[in-house]
Every structure is written in structure tokens, then in C-alpha cells.
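Enquirer: Below you will find the structure I want to go over with you.
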Amino acid sequence: MPDSSSNASAVDAAATVLAAGGIVVYPTETLYGLGADATNEAALQRLVELKGREAGTPILVLVGGEEMLEDVVEDISEAATDLMRRFWPGPLTIVLRARPSVSRVLTGGGDGIGVRVSSHPVATALVRALGRPVTAPSANPAGQRPPTHCDEARAYFGRRVDYYVDCGVLPGEPASTVVDARGSLRVIRDGAVPAHLILQQAV
């Protein structure tokens with residue numbers, strides 16, 4: 001893995017690319033993610049084209065903390081707050097009710113937005129350097145293997161991605177667990193945080 005000084009310069013460069021509407025590949029705690037400024041509609045449309053995702057498929061975002069979270073969600077249930085305290089930063093994506101200002105590209109046309117705070121220091125530094133939420137779907141075209149090496153992502157996208165933050169080999173799947181916390185807790189995707197630990201919160 002690159003040293004901390006090279007990580008810091010890469011984060012600064014990647015944040016500059018995101019602020020200009022570009023697309024970056026960067027590490028999360030499990031897989032490499034495909035990042036765009038979650039408030040930039042043109043960048044989001046470009047990300048969807050890169051991924052080859054079907055219309056209506058939601059896109060999760062990383063936030064840098066509670067203040068940024070409140071910029072994208074309308075309300076936070078008590079159960080969701082408990083999950084955040086237990087598992088954030090970490091590979092748990094929580095679906096909450098999105099603010100009307102949130103792009104329908106992110107919500108898939110629904111009323112929910114998947115959010116998390118990453119435990120990977122580079123991912124969190126990137127979000128905070130941009131000062132806005134960053135998308136975090138895995139950095140692979142739909143149907144292809146999610147990458148644990150930056151070179152795998154580069155092989156998929158080449159120059160269609162504007163910047164790559166290479167932090168070596170990542171642990172890989174399982175990807176983040178996804179739980180809907182808009183009402184009764186419901187696990188949408190079992191993953192790095194076991195479902196039974198999530199559902200303990202519903203008891």
C-alpha cells in the first residue's frame with residue numbers, strides 16, 4: 001500500500017477530479033468503489049453509463065459524518081441511530097428516507113437513499129476533502145466481478161475513469177450489508193456485517 005503522504009496527495013487529486021464532475025476509482029473497506037460527486041447530476045449519469053446499470057437501480061453513497069448525513073436524509077430512526085453507533089464507520093449501508101433534493105439517480109426513483117461512513121481511511125478522507133457525499137458502487141460493469149485490485153478496475157474502465165487511487169489489494173467480498181431502516185429493520189443484502197447482528201436491534 002502507498003505510504004500516508006502519497007495517499008494524502010492522491011486524495012487531494014481525486015477530490016479535485018470529483019469537484020470538477022469527474023469519476024474516480026478508490027478503495028473502500030471491502031472492494032474498490034466507483035466515485036462521483038453525489039450532488040452532480042451529470043456525473044451521476046456518466047457513472048450509470050459506465051456501470052451499465054438498469055434504470056431504477058439505487059446507488060449508495062458515503063458520507064463523512066452526521067452533518068453530511070443530514071444533508072441527504074429526512075429523518076433518522078432510533079433503530080438507525082443505534083446501528084450507526086454500533087457499526088459505523090464500517091461496511092453497513094443503511095437505507096433512510098431521502099430528502100427531496102437527492103437525485104433520483106441515487107434513489108432509483110424511490111424515496112430511500114443508502115448511506116454509510118466507511119472505515120477505510122482513504123475513502124473517508126476523500127469524502128471529507130470533497131465536502132459532499134460520494135457514490136460507492138463497486139468499480140465494475142454490471143455483471144462483472146467486483147475488483148479487489150485497482151488494476152482490475154483499470155482493466156474494466158481504462159481512461160473512461162478520470163483518476164485511480166491505488167491502495168493495494170483489498171479484502172474483497174462480502175460487500176457491505178444493506179439494511180432498510182425506514183420502518184421495521186429489514187436486511188436487503190447480507191454481507192460483511194452478519195444479518196443476525198442487525199436484527200438484534202429489532203428485538
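The values are calculated or read from the model by the stated rules, or taken from the named source; none is laboratory data. Keep in mind the model is a prediction, meaning the values are calculated, not measured. Every residue, glycine among them, receives a Cβ derived from its backbone with ideal geometry; neighbour counts consider all protein chains shown. Remember, those area values only see protein heavy atoms, side chains included, never the ligands or the DNA or RNA. Shrake-Rupley method; radii C 1.70, N 1.55, O 1.52, S 1.80 Å.
Enquirer: Determine whether segment 23-36 contains at least one residue that is part of a helix (DSSP H, G or I), of a type outside the set (Asp, Glu) and closer than 17 Å to TYR164 by Cβ.
Expert: In the first step, residues of segment 23-36 are kept if they are part of a helix (DSSP H, G or I); the result is none.
No.
Enquirer: Go through (1) surrounded by fewer than 18 Cβ atoms within 10 Å (Cβ to Cβ); (2) closer than 23 Å to ASP82 by Cα; (3) touching a residue at least 40 places away in the same chain (Cβ under 8 Å); (4) not polar (S, T, N, Q) one by one and return the number of the condition PRO133 breaks.
Expert: (1)
Enquirer: From THR16, THR81, THR39, grab the single residue that is under 17 Å from the mean Cα position of the chain (by Cα) and either of a type in the set (Val, Ile, Thr) or farther than 18 Å from ALA129 by Cα (or both). Explain how you work it out, then say what you get.
Expert: Values: THR16 fails: under 17 Å from the mean Cα position of the chain (by Cα); THR81 fails: under 17 Å from the mean Cα position of the chain (by Cα).
Testing whether each residue is under 17 Å from the mean Cα position of the chain (by Cα) and either of a type in the set (Val, Ile, Thr) or farther than 18 Å from ALA129 by Cα (or both) leaves just THR39.
Enquirer: If we keep just the residues of segment 165-201 that are surrounded by 14 or more Cβ atoms within 10 Å (Cβ to Cβ) and of a type in the set (Ser, Thr, Tyr), which is nearest to the chain's Cα centre (by Cα)?
Expert: SER176
Enquirer: State the number of residues belonging to segment 65-108 that are under 22 Å from GLU54 (Cα atoms) and among the aromatic types (Phe, Trp, Tyr).
Expert: 0
Enquirer: Kindly list, by first and then second residue, each pair from a residue in segment 155-171 that is over 20 Å from LEU126 (Cα atoms) to a residue that is of a type in the set (S, T, N, Q) and open to solvent by 60 Å² or more (accessible area, probe 1.4 Å), limited to pairs with Cβ atoms under 8 Å and residues at least 6 apart or on different chains.
Expert: Note: pairs meeting the criteria are TYR156/GLN144.
Enquirer: Check LEU62, LEU83 and return the single one that is surrounded by 19 or more Cβ atoms within 10 Å (Cβ to Cβ) and closer than 22 Å to VAL165 by Cα.
Expert: Details: LEU83 fails: closer than 22 Å to VAL165 by Cα.
Matching residue, one of LEU62, LEU83: LEU62.
Enquirer: Looking only at segment 16-30, which residues are open to solvent by less than 10 Å² (accessible area, probe 1.4 Å) and either closer than 17 Å to THR124 by Cβ or polar (S, T, N, Q) (or both)? Can you show your working first?
Expert: Taking segment 16-30 and keeping what is open to solvent by less than 10 Å² (accessible area, probe 1.4 Å), we get 18, 22-28.
LEU18, VAL24, VAL25, TYR26, PRO27, THR28 - these are the residues of segment 16-30 that are open to solvent by less than 10 Å² (accessible area, probe 1.4 Å) and either closer than 17 Å to THR124 by Cβ or polar (S, T, N, Q) (or both).
Enquirer: Looking at (1) part of a helix (DSSP H, G or I); (2) within 16 Å of GLY35 (Cα to Cα); (3) among the β-branched types (Val, Ile, Thr), which one does THR81 not meet, given that it meets all the others?
Expert: Result: THR81 fails condition (2) only.
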